[in-house]
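Data block below; observations after.
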Amino acid sequence: RQPGRAAVVTLAMAAGPPPPLDPSPLPTFAEEEFGEKLLRKTRENPLVPLGCLCTVGILTYGLISFRKGNVRRSQLLMRARVVAQGFTFAALLGGMVATAIKSRQ
């Protein structure tokens, strides 16, 4: 038998039962429709939708050029599309980092 161990049990028993846990209420958020959420997110980070529109525009023009047989322009636009996608990804990543930094403060 260890004397130190018995003292710990005695102290724990002397403290009594733990106080009841009061559940904290969960935060409530206002219901947002798709259009409202899209507008809010666009205001928070306007570069992402701009990059998406540029990507789609370049892709469309590149496909039209390919269909017309202008291979040189089509290849150039497909490379430009990759650059536009990279810009969109960088804007998305930058927005996520900015939001994370803002939430820490």
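The values are calculated or read from the model by the stated rules, or taken from the named source; none is laboratory data. Predicted, not measured: the structure shown is a model, and the values here were computed from it. Counting neighbours? That spans all protein chains shown, and the Cβs are built from the backbone with ideal geometry, glycine included. Protein only, heavy atoms only, side chains kept; ligands, DNA and RNA dropped before computing areas. Shrake-Rupley method; radii C 1.70, N 1.55, O 1.52, S 1.80 Å.
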Examine segment 76-91 for a residue that is more than 20 Å from residue 43 (Cα to Cα), open to solvent by less than 90 Å² (accessible area, probe 1.4 Å) and of a type in the set (Ser, Thr, Tyr), and state whether such a residue exists.
-> no
Basic (Lys, Arg), open to solvent by 80 Å² or more (accessible area, probe 1.4 Å) and touching a Ser or Thr at 6+ places or on another chain (Cβ under 6 Å), is that true of residue 73?
-> yes
Can we say residue 56 is free of Cβ contacts under 8 Å to residues at least 12 places away in the same chain, over 29 Å from the mean Cα position of the chain (by Cα) and on the phi < 0 side of the Ramachandran plot?
-> no
Residue check, residue 11 assigned to a helix (DSSP H, G or I) and modelled with pLDDT under 95 = yes
In segment 18-50, how many residues are under 31 Å from the mean Cα position of the chain (by Cα) and either surrounded by 10 or more Cβ atoms within 10 Å (Cβ to Cβ) or over 26 Å from residue 99 (Cα atoms) (or both)?
-> 16
Residue 53 vs (1) hydrophobic (A, V, I, L, M, F, W, C); (2) modelled with pLDDT of 95 or more; (3) open to solvent by less than 90 Å² (accessible area, probe 1.4 Å): all pass except (3)
